[in-house]
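The values are calculated or read from the model by the stated rules, or taken from the named source; none is laboratory data. Just so it is clear, the model here is predicted, and its values are computed rather than measured. Here the Cβ is made from the backbone with ideal geometry for all residues, glycine too, and neighbour counts use every protein chain on show.
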Amino acid sequence: MGSRRGLKPMRTPRGSQLREPSNEAERVASFIRKNYSYMVLSMVFLGILAGLVAPTQVQSLKPFMLPLTGIMVWAMTVTIRFGELAQTGKKVKQIVLALLFCYAIFPIISFALAVAFLSRRPEWAIGFILMGSVPTAGMNVVWTGMLKGDLPLSIMLNAIMMFLGIATIPTITALFAGVWVKVSAVDLLWAVLTNLVIPLFFGFLTRYALEALSRKSLPKYLPIFSSASAIIAMVLMFSMVSINIPMIPAEPYVLLLLVLPPLLAFPLVFGAPYLVCSKALRLSYEEQVAIVYSSGMKHLPLATSLAFASFGPAAAFPIAISAVFQTTFASTFYRLFQRAQRLR
């Protein structure tokens, strides 16, 4: 799935039009993997700055987020085989565990913090509970791939959670917030198709073409795709933060109330799966990575659009703040997993 250090150079078969990439591709990929958390945090900082300095201009990034997400997933999919994804269907325990964290533990934590800090502003509380009810986003695939986790499991969880979101989003918000969110099944299925199914198809097709043309030298090409996926993910993180920042009120007291819930939530929603998977169940490192990021990375653009459509702009304020903290704690756990990887 990843590239192999020390692999001897091999000649490209006669008739192949592909040129073998130099070791520079692997060096770039290694640099990105090593420093990815710091690069992501830099994108968060730049996104905040751009959102404050040019709040109108950054809104022009919105139309590019959907196609970039598809390209990001396609590039990372090239690094796995279809058979590896098919085998993931046997990991029932891991799938059920991730679903429990995403659709039970996360919503309960969101509800408790909304009651504790946002009850005086019902629209904020509803927005924060809604954030806890949405499925994972495609970003879980990139984080898992960069950490050399169980990428097929991550992709499988993304697909299952997105499909279940049609029912779980309105049900969870009705249960915890007492309001019904209208979710368009057509729009959500279209998002699954464009963000996951089509990129997966073309990812496997690209992999098949590369295997046919380059044969045993395929590992030399894979770092190009993982690096491209990681770079696109950073662009998307910058876009998400910069687009959301202008929505946040500037009043210090209001800002404090909005900051506290995500500041407390994300250490829990990343930390609880990590502790259960690593200490209680002792799952493999690869499975830990996939479950933690599939549980903690929520589809915040989807939550924002649903909040706007159902409850108005104010409901999107806590989701906008959450975009910063979700990325920050994803980077923090990235460094934690890096240390665990070195100790293996």
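The figures follow:
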read-out: Within the stretch 60-106, helices (runs of 4 or more DSSP H) holding 1 or more residues that are over 27 Å from L236 (Cα atoms), in contact with a helix residue (DSSP H, G or I) (Cβ under 9 Å, 6 or more places away or on another chain) and at pLDDT 95 or above; value: 92-100
read-out: The stretch 240-274 - residue that is of a type in the set (S, T, Y) and surrounded by fewer than 23 Cβ atoms within 10 Å (Cβ to Cβ) and, of those, nearest to F337 (Cα to Cα); value: Y274
read-out: Top-ranked residue in the stretch 198-250 [being hydroxyl-bearing (S, T, Y) and in contact with a Ser or Thr (Cβ under 7 Å, 6 or more places away or on another chain); ranked as nearest to G51 (Cα to Cα)]; value: S226
read-out: Of all residues in the stretch 187-197 being closer than 13 Å to G138 by Cα and out of contact with any Gly (no Cβ under 6 Å at 6 or more places or on another chain), the one that is surrounded by the most Cβ atoms within 10 Å (Cβ to Cβ); value: L196
read-out: Boolean, V186 is touching a helix residue (DSSP H, G or I) at 6+ places or on another chain (Cβ under 9 Å) and either in a helix (DSSP H, G or I) or in contact (Cβ under 8 Å) with a residue 40 or more places away in the chain (or both); value: no
read-out: Every residue from the stretch 280-295 that is touching a residue at least 40 places away in the same chain (Cβ under 8 Å) and either touching a strand residue (DSSP E or B) at 6+ places or on another chain (Cβ under 8 Å) or assigned to a helix (DSSP H, G or I) (or both); value: Y285, E286, E287, Q288, V289, A290, I291, V292, Y293, S294, S295
read-out: Tally, over the stretch 129-143, of residues that are assigned to a helix (DSSP H, G or I) and under 9 Å from the mean Cα position of the chain (by Cα); value: 5
read-out: Residue among G203, G145, G149 that is within 19 Å of P67 (Cβ to Cβ) and among the small types (G, A, S); value: G203
read-out: Qualifying residue in the stretch 13-35 (condition: modelled with pLDDT of 90 or more and β-branched (V, I, T)); value: yes
read-out: Hits in the stretch 117-128 (condition: in a helix (DSSP H, G or I) and either under 22 Å from the mean Cα position of the chain (by Cα) or touching a residue at least 24 places away in the same chain (Cβ under 8 Å) (or both)); value: F117, E123, W124, A125, I126, G127, F128
read-out: A250, sole failed condition from (1) among the hydrophobic types (A, V, I, L, M, F, W, C); (2) outside any helix (DSSP H, G or I); (3) modelled with pLDDT of 95 or more; value: (3)
read-out: Selection count, the stretch 276-317, where residues are among the basic types (K, R) and under 17 Å from L130 (Cβ atoms); value: 1
read-out: Of residues in the stretch 152-180 being outside any helix (DSSP H, G or I) and not small (G, A, S), the one surrounded by the most Cβ atoms within 10 Å (Cβ to Cβ); value: V179
read-out: Residue among A309, A340, A316 that alone is within 20 Å of the chain's Cα centre (by Cα) and either more than 19 Å from P249 (Cα to Cα) or at pLDDT below 95 (or both); value: A316
read-out: G149 vs. criteria outside any helix (DSSP H, G or I) and touching a Phe, Trp or Tyr at 6+ places or on another chain (Cβ under 8 Å); value: yes
